[in-house]
Amino acid sequence: MGNPAGEDLEEKTVVFGITGGIAAYKAPMIVRGLKRLSLDVHVVTTDSAGYFVTPLVLQTLSGRPVLTEMFSEVPGSSYEIDHIALADQADLFLVAPATADFLAKLAHGIADDLLSCSILATKAPVLVCPSMNVNMLSNPATRDNIETLKRRGFHVLEPASGELACGWEGAGRLPEPDRIVSEVKMLLSRHDLSGINILITSGPTCEDIDPVRYITNRSTGKMGGAIVEAACLRGARVTVISGPVGIDYAPWATLIDARSAGEMLDAVRENLAGCDVLIMAAAVADYTPQMYSQNKIKKGEKMTHLELDSTPDILSTIRPLKESRIFVGFAAETDNLKTYAQDKMIRKGLDMIVANRVGEKGSGFASETNSGVVLSQEGVLYDFEHMAKETLAHKILDLVKDKL
Ligand code: CTP
């Protein structure tokens, strides 16, 4: 299985290099995030990083001494040469923030401190997170260095834009610690779905009555979001078509917004050709108002009833285009879970259906966990009870993988 709570990252070692930029103040939060994934974290700082963040906080959070000197000892391997020991132990090097000066060093193979020397000696992947003043970042020297590093296989997480500590506005901000930790998680995950294109629908649809009111349902997009993240971590190329939700999808997925059932159908049709797997996790509204009022309907207009039309059933509509693709549906049911779900699977021509209980605590809409059953044409594949949506997402992908 993938890594629901970082479980296959437990044995992995990250060497976290911090260089001397103001954004180094975010480094302790990054260490905390990495530790939450159960990673073994070795912090290496350059001399100038010490002006921005103290070793005490870093060593307390990482549970290991902070290394700076070329000739200090790596714990447990004191007979080894430090930079080589670090280079060999690492499953990944992370440098955040990476200053313009440090990027220049890496791009030119300069190895005059413990961090640059270890990176030169490692075979592990390296993720660098540049952060600096906007003009330093756009300087052709820096751009060339970043391009050189990318060409050589370094992973570069481009800086975010916004207000910079130096007073300028623009690109150069270190991405938030959570974003950096996610990138580490992605790079260390087993990419067992690489080369697979997955189209996922998620969230509710909203059927507008007038510019103020609409019909919708209780879906929050949590289950769809968990599948999107799990699929991205496992190396799949993911497109998510989402109704209006308050969650953020994994940053590696391509996001397409679709408000209504009609818009979602159009988006699914447009994106189906390139996909190997379609996972319809969206709770598509079944009815839409017959008429949309351009103006707000006033109370005095005494709207006593609403004429509704059925929305198009997306799965049934695209069924003729299925070919060899794997189609996975969801069924949200309050009762007769298996019977209703099985009927839907057959009626909609699905390979698999995830039936989950709604209307009870700990399952369904807005909940962190789900209970239910996964069915395929062959029968029950998997029963789950109050399972974290993140874990269930990986399980669903395991079952999909078996069918590929
Ligand atoms: N679905 C769809 N188009 C719709 C409604 C639902 O493609 N207009 C998909 C959902 O994304 C889900 C599956 O069909 O994968 C079952 O959705 P569900 O709402 O449980 O079933 P319905 O077909 O709407 O039937 P009912 O509301 O009667 O249970």
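Quick notes
- Scanning residues 5 or more positions from Leu350 or on other chains, none has an amide H under 5 Å from its amide H, with H placed 1.01 Å from N in the peptide plane.
- Length gained on full extension, Ala165 to Ala104: 19.8 nm, using 0.36 nm per residue less the C-alpha separation.
- Protection proxy ranking of 234-243, 176-185, 46-55, by the mean of other Cβ atoms within 10 Å over each peptide's residues and highest first, is 234-243, 176-185, 46-55.
- For segment 81-137, taking Cα atoms only, Rg and Dmax work out to 11.6, 38 Å respectively.
- 3J(HN,Hα) along segment 204-210: x, 10, 10, 10, 6, 9, 8 Hz, from the Karplus curve 6.51 cos²θ - 1.76 cosθ + 1.60 with θ = phi - 60°, whole Hz, x for Gly and Pro.
- Computed over segment 257-404: relative contact order in percent, which uses C-alpha pairs under 8 Å that are six or more apart: 16 percent
- Sequence-distant contacts, meaning Cα pairs under 8 Å at least 6 residues apart, place the relative contact order of the chain at 12 percent.
- Cα-based equivalent ellipsoid, segment 29-165: semi-axes from gyration tensor eigenvalues, Å: 25, 18, 14
- Structural size metrics of the chain, computed from C-alpha coordinates, are Rg and Dmax of 25.1, 85 Å.
- Difference of contour (0.36 nm per residue) and Cα-Cα distance, Tyr340 to Glu69: 91.0 nm
- Anisotropy class of segment 260-313 from Cα gyration tensor, a/c 1.5 cut: prolate
- Taken per residue, the accessible surface of segment 197-403 reaches 48 Å², heavy atoms only and a 1.4 Å probe.
- With R₀ fixed at 60 Å, the C-beta to C-beta distance from Val57 to Lys299 puts the FRET efficiency at about 0.55.
- The angle separating the long axis of helix 140-151 from the principal Cα axis of greatest extent in the chain is about 70 degrees.
- Taking all Cα pairs closer than 8 Å and separated by 6 or more residues, the relative contact order of segment 13-188 comes to 23 percent.
- About its Cα centre, the chain has a charge dipole of approximately 740 debye under the convention of +1 per Lys or Arg Cβ and -1 per Asp or Glu Cβ, with nothing else charged.
- Highest average packing first - 381-392, 89-100, Cβ atoms within 10 Å: 89-100, 381-392
- Dividing the C-alpha radius of gyration of segment 123-222 by 2.2 N^0.38 Å, with N its residue count, gives 1.58.
- Residues whose amide H lies under 5 Å from that of Ala171, counting only those 5 or more places away or on a different chain, are Gly162; hydrogens are built 1.01 Å from N in the peptide plane.
- Counted charge near Asp248, where neighbours are those whose Cβ lies closer than 12 Å (Asp, Glu -1; Lys, Arg +1): -1
- Based on the Kirkwood approach, the hydrodynamic radius assigned to segment 197-403 is 17.5 Å, with every pair of different Cα atoms included.
- Counting only alpha carbon atoms, the long axis of helix 261-272 and the longest principal axis of the chain meet at about 60°.
- Summing charges over all other residues whose Cβ lies under 11 Å from the Cβ of Asp178, with Lys and Arg as +1 and Asp and Glu as -1, gives +2.
- Inter-part distance where segment 332-372 and segment 156-191 are each reduced to a Cα centre, Å: 38 Å
- Axis of helix 389-403 versus longest Cα principal axis of the chain: the two differ by about 80°, to the nearest ten degrees.
- When you count the other C-beta atoms within 10 angstrom of each residue and take the mean per peptide, 294-305, 357-368, 272-283 line up highest first as 272-283, 357-368, 294-305.
- Karplus (6.51, -1.76, 1.60) ³J(HN,Hα), θ = phi - 60°, over segment 219-233, in Hz, Gly and Pro reported as x: 5, 10, x, 5, 5, x, x, 5, 5, 4, 5, 4, 5, 5, 4
The values are calculated or read from the model by the stated rules, or taken from the named source; none is laboratory data. All values reported here derive from a predicted model rather than from experimental measurement. Glycine gets a Cβ as well: all are built from the backbone with ideal geometry, and neighbour counts include every protein chain shown. Ligands, DNA and RNA are excluded from the accessible area calculation, which covers all protein heavy atoms including side chains. Shrake-Rupley method; radii C 1.70, N 1.55, O 1.52, S 1.80 Å.
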